[in-house]
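Where a number appears in this text, it was derived from the coordinates with a stated rule and is not lab data. Note that the structure is predicted; figures quoted are calculated from it, not measured. Cβ placement follows ideal geometry from the backbone for every residue including glycine, while neighbour counts extend to all protein chains displayed.
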Amino acid sequence: MKISFLIQGFHVAASRYRVIQYLPFFEACGIPYQVQEFPRGIKNWIQHIKGLGSVDIFFVQRKRLPLYVLLYLKNSGKKIVYDFDDAIMFKNSLSQNPYSRRRQMSFKRMLRFTDLVIAGNGFLKSEALRYHRDVRILPTPIDANRYSQKEYIESPYVNIGWIGDHGSIHYMDSYRDVWEELGRRYRDKVTLTIICDTFIETKHIKLNRVQWRYDTEIEELKKLDIGVMPLFNDLWSMGKCGYKIIQYMGVGVPSVCTPVGINRDVVENRVNGLWATTKEEWVNGISMLVDDYNLRVAMGKKGREKVMNNYTVQVCAPLLIEWLKGLI
């Protein structure tokens, strides 16, 4: 069995966590593979597909393939696996109308030619099942070897944090009233840390701007006392795979989140974190954790236990390899 992985980019987060971090496990099993970014233009596509040779499985991460490529692969007897971790059949949360006929048709066509579909959560699986019978769920996992538990030290100061990319910072900006209210309530006791490459502005809560870097993100996460993941209750948000929640919990940080999509599965309300929908629930939930150090530690440890048992690449890799072997 030989696999060709087609990814968005070697520095794209989704490619890194849903393909690249699995590669050592394929090597350990003696499974040959090749990895390439999506070609641009017909000439580059033709050159790429001519070089597939003995490849048995064509693993496509997130993007949809041109029709002529799909036809060539099927006629060549290649198995196609399609992996996605966003609600790509809808427009994002900033759009007034989430529905897009072009996106739906592109998604439907891709699945029509696919032998196996791998979705990042249950909502995405339900959308894919409209067009394909064989859809499996594989969460976006962390590497257990990188994510060790933080050291718990009681302090009069509490660090509330969010990690993400610039494409999701609007969620934090939309919840600014929550952060400002917490700043007014606790004055100099709380800090809001944003680990990203772009930031929001705040007036009443101290803001700590941390540039995201792969080699420092774990240590920055360990500095947090509470992790947050605000979302909207819309179709795009339901497709989110909760990676930042898994990151918080992976180092033992309790989370407060909007209970949308996979967040409801990963975070068990009042067990390893808290759900919050309204501004009042957000402020009160975070305040509960700010005021209770022991509760933060208890929830953080329970969250880490759940992640280590269910959401690591060490747990997910054997499943993925078994699924791909089953195609041949």
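Where Lys and Arg each count +1 and Asp and Glu each count -1, what net charge lies around K279 among other residues with Cβ under 11 Å from its Cβ?
-4
Fewest Cβ neighbours within 10 Å first, please rank Y82, Y72 accordingly.
Result, fewest neighbours first: Y72, Y82.
Add +1 for every Lys or Arg and -1 for every Asp or Glu among the other residues with Cβ under 12 Å from the Cβ of V260, and state the total.
Spelling it out: positives minus negatives among the neighbours equals 0.
Sort M172, M288 by Cβ crowding within 10 Å, fewest neighbours at the top.
M288, M172
Using the Kirkwood formula over every pair of different C-alpha atoms, what hydrodynamic radius in Å results for segment 158-310?
After inverting the pairwise mean of 1/r, the radius is 15.1 Å.
Just I218, I194, I46 to compare: in a GNM of the chain, with alpha carbon springs under 10 Å, which one fluctuates most?
Checking each option, the largest mean-square fluctuation is seen for I46.
Would you mind calculating the gained length between T278 and R112 on full extension (0.36 nm times residue separation, minus the Cα-Cα distance), in nm to one decimal?
That pair, T278 and R112, stretches by 55.7 nm at full extension.
How much length is gained on full extension from N294 to Q36, taking 0.36 nm per residue of separation minus their Cα-Cα distance?
88.2 nm
Can you list which of the GluC sites (Glu not before Pro) found in segment 68-162 are DSSP loop residues with at most 16 other C-beta atoms within 10 Å?
Filter output for segment 68-162: E151, E154.
Using a 10 Å cut-off around each Cβ, can you sort L23, L224, L116 from fewest to most neighbouring Cβ atoms?
Final ranking by Cβ density, sparse to dense: L23, L116, L224.
How large is the convex hull of the Cα atoms of segment 1-88 per residue, expressed in Å³ as a whole number?
So the per-residue Cα hull volume is 94 Å³.
Mind listing which trypsin sites (Lys or Arg not before Pro) in segment 179-215 are in a DSSP loop and have 12 or fewer other Cβ atoms within 10 Å?
Answer by residue number: K203, R213.
Between R176 and K206, what is the label-to-label distance in nm when each label sits 7 Å out along the Cα-to-Cβ direction?
Here the modelled spin labels are 2.1 nm apart.
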